[in-house]
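For reference, the structure is listed below as structure tokens.
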Amino acid sequence: MNDKQILITGATNGIGLAAAEALAALGANLAIVGRSKTRTGIASARIRAAAGGGATVATFIADLSSQASVRRLAAEVLARYPKLDVLVNNAGAMYGTRQLTKDGIELTWAVNHLAPFLLSKLLLQRLKESAPARIITTASQAHQGAHIPFDDLNAERSYRGFGRYCETKLANILFTTELARRVAGTGVTANCFHPGLVATGFNRNNGLLMNLGMTILRPVARSPEKGAETLVWLATSPDVANVSGAYFFDQEQRPPSPAAQDTETAGRLWEISERQCAASRRPL
Ligand SMILES: NC(=O)c1ccc[n+]([C@@H]2O[C@H](COP(=O)([O-])OP(=O)(O)OC[C@H]3O[C@@H](n4cnc5c(N)ncnc54)[C@H](OP(=O)(O)O)[C@@H]3O)[C@@H](O)[C@H]2O)c1
């Protein structure tokens, strides 16, 4: 991985941090994205230390809930890297209460789906120029049973934190399917994966009860290092060099839910996502 440039979101904690540590230890050049300068700096030091001090770790500050921030991030990445080998869309969260972003988009949808969608689109040409290149998105088994609420995309009629989260994780898989179709033959692959139930900072932002729930689940959850294994494998392994549009769990391709295999829905979601990002396409 010595000459490989990897950009990873959500690398200040949990699965993303563990993956960045493992990738840096393999010799990759890392670029990590975080919201907070302090947390991103601490993560960068941890990643360097994990690689024995010799790793290159660049930091970018961006709040992925804001489309302007995603666009700024992409512009900074394009200005800095003439070559980008791997993009990892890993940042994600669940929110117990409905909130709107600066763009007027429901927050979970903005962070978990629209940010990976927009960032991947803005970096796609650079990834194509760098081919072979890979785009990896952290999805979840939580997508099982979910459907995209095309008639209520902003969750105005009803909002349940976990239900909404599941919809966005379904969107991650449909996005991967449609992206893979669109980049076929360019040398860029797009895949996603389920990391398992992982003991991270996930769902620690939703009050005391949820925090307690996550603590109770901790003994049956995997370590972030274990949760990151499939991500690291998707980023590095020759076994998946020519695989695209697939969903993985524990380094094995798995069929996602029937809703996640609906290519018509994947195309429809892409078009709607483009429209949802169009409003922010103004000069920064
Ligand atoms: N943990 C699980 O059991 C599990 C299972 C299936 C899938 N996943 C998925 O795994 C991914 C990583 O989650 P995790 O479990 O590692 O959780 P985590 O420990 O909470 O890490 C989430 C990461 O996302 C970043 N993030 C959240 N909102 C952001 C925003 N608005 N802008 C920029 N960065 C933001 C966080 O950065 P800050 O430091 O700024 O908060 C953090 O680095 C998510 O996509 C999640 O859906 C997790």
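Observations, loosely collected:
- A simple spin-label model places pseudo-atoms 7 Å from Cα toward Cβ; at E252 and S223 they are separated by 2.3 nm.
- In plain terms, the bigger the Kirkwood radius, the slower the diffusion; for the stretch 4-48, with that radius from Cα pairs, at 25 °C and 0.890 mPa s, Stokes-Einstein puts D at 246 µm²/s.
- Scanning the chain for long hydrophobic helices, with DSSP H runs required to stretch 30 angstrom or more by C-alpha along their axis and to average at least -0.5 on the Kyte-Doolittle scale, returns 161-183.
- Potential lengthening of the chain between S158 and A241 amounts to 25.8 nm, from the contour at 0.36 nm per residue minus the alpha-carbon distance.
- Unit charges at the beta carbon, dipole of the chain: most positive-side option, S44, G187, V111: S44
- Its Cα centre serving as origin, the chain has a Cβ charge dipole (Lys and Arg +1, Asp and Glu -1) of approximately 760 debye.
- Taking a ≥ b ≥ c as the square roots of the eigenvalues of the Cα gyration tensor, an a/c ratio of 1.5 or more together with a/b larger than b/c marks the stretch 85-203 as prolate.
- Computed magnitude of the charge dipole of the stretch 158-284 (debye, nearest 20; Cβ of K, R +1, Cβ of D, E -1): 520
- With semi-axes defined as the square roots of five times the eigenvalues of the C-alpha gyration tensor, the equivalent ellipsoid of the chain measures 25, 22, 20 Å, largest first.
- Here the sum of -39500 (n - 2.57) over DSSP H runs of 4 or more residues, divided by the residues of the chain, equals -13000 deg cm²/dmol at 222 nm, to the nearest 500.
- Contour minus Cα-Cα distance for A75 and E271 (0.36 nm per residue): 68.3 nm
- Placed amide H near A133: partners under 5 Å, 5+ positions off or other chain: V188, T189
- Förster radius 45 Å - calculated FRET efficiency between I61 and K128 (Cβ-Cβ, nearest 0.05): 0.95
- Rounded to 0.05, the FRET efficiency of the N211 and A25 pair, given R0 = 35 Å and the Cβ-Cβ distance, is 0.65.
- 5 angstrom amide H check on A58, placed H, neighbours 5+ away: L30, A31, I32
- Dipole magnitude for the stretch 31-93: computed about the Cα centre from +1 point charges on Lys and Arg Cβ and -1 point charges on Asp and Glu Cβ, it is near 140 debye.
Laboratory data are not the source of any read-out in this text; all were calculated from the coordinates shown. As the structure is a computational prediction, the values presented were derived from the model and not from experiment. Quick reminder, even Gly has a Cβ in these numbers, built from the backbone with ideal geometry, and neighbours come from all protein chains shown.
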